[in-house]
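Enquirer: Please find one structure pasted underneath; my questions will follow.
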């Protein structure tokens, strides 16, 4: 069965810079480090038990991914969240997710679809899951689809866009309804992917992404 739990980086099996990246990224995405917050490297070193170099490398990488803003002679800040970010993010994410769905339907293997089926079965049994736990199912389904598309350039881009979208979702979480219905859309997407219906899969994925965009936007413009 696919493990959809939030992975805990292990500094003994990963490069320290990757460990630092995973931990700091999660803090930014989950708003433990809120938008606009000053990033205190010394505090991060003490909290994470990591040295200056891996922390610095992680922050530079997060800067390239638009999650950290570096202002010369002023310092580093968690990138702000704006309504225009939502619009610009989804105008590029929607077509790329649709393309990933087309490629996944064409290139995916039984192994991919067995994994997605297991994730969806796990979701079906999580009757009392929180929105946060339900979103882990959503993320797992997207990651399997990206893997099935078998294009590392597309995977890298979409993984970054998904992370940025997830931060927007956390930002709107307290005012959002239950996301169960949106996550359940993956079952229909799964059938199209498994059956090789590439255009149908792309259409369903586009509808799914726009559903989330509309949910988040409705909260942000209140």
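The values are calculated or read from the model by the stated rules, or taken from the named source; none is laboratory data. The shown structure was predicted, so the numbers you read here are calculated from the model rather than taken from an experiment. Backbone-built Cβ (ideal geometry, glycine too); neighbour counts: all protein chains shown.
Enquirer: Right, residue 132: part of a helix (DSSP H, G or I), modelled with pLDDT under 90 and either within 17 Å of the chain's Cα centre (by Cα) or surrounded by 20 or more Cβ atoms within 10 Å (Cβ to Cβ) (or both) or not?
Expert: Spelling it out, residue 132 is indeed part of a helix (DSSP H, G or I), modelled with pLDDT under 90 and either within 17 Å of the chain's Cα centre (by Cα) or surrounded by 20 or more Cβ atoms within 10 Å (Cβ to Cβ) (or both).
Enquirer: If we scan the stretch 104-118, do we find a residue that is assigned by TED's automatic domain parsing to the domain that holds residue 186 and within 21 Å of residue 214 (Cβ to Cβ)? Spell out the reasoning first.
Expert: Here is the first cut: in the stretch 104-118, the residues assigned by TED's automatic domain parsing to the domain that holds residue 186 are 104-118.
Remaining after also requiring within 21 Å of residue 214 (Cβ to Cβ): none.
No, the stretch 104-118 contains no residue that is assigned by TED's automatic domain parsing to the domain that holds residue 186 and within 21 Å of residue 214 (Cβ to Cβ).
Enquirer: Also: What helices (runs of 4 or more DSSP H), lying completely within the stretch 146-222, carry at least 3 residues that are more than 15 Å from the chain's Cα centre (by Cα) and closer than 20 Å to residue 31 by Cα?
Expert: Counting at least 3 such residues, we get 198-220.
Enquirer: Another question about this same structure. Looking at this structure, is residue 44 under 17 Å from residue 85 (Cβ atoms), without any contact (Cβ under 8 Å) to a residue 60 or more places away in the chain, assigned to a helix (DSSP H, G or I) and in contact with a helix residue (DSSP H, G or I) (Cβ under 7 Å, 6 or more places away or on another chain)?
Expert: no
Enquirer: Would you mind stating whether residue 103 is over 30 Å from residue 219 (Cβ atoms), part of a helix (DSSP H, G or I) and in contact (Cβ under 8 Å) with a residue 40 or more places away in the chain?
Expert: Yes: the conditions hold for residue 103.
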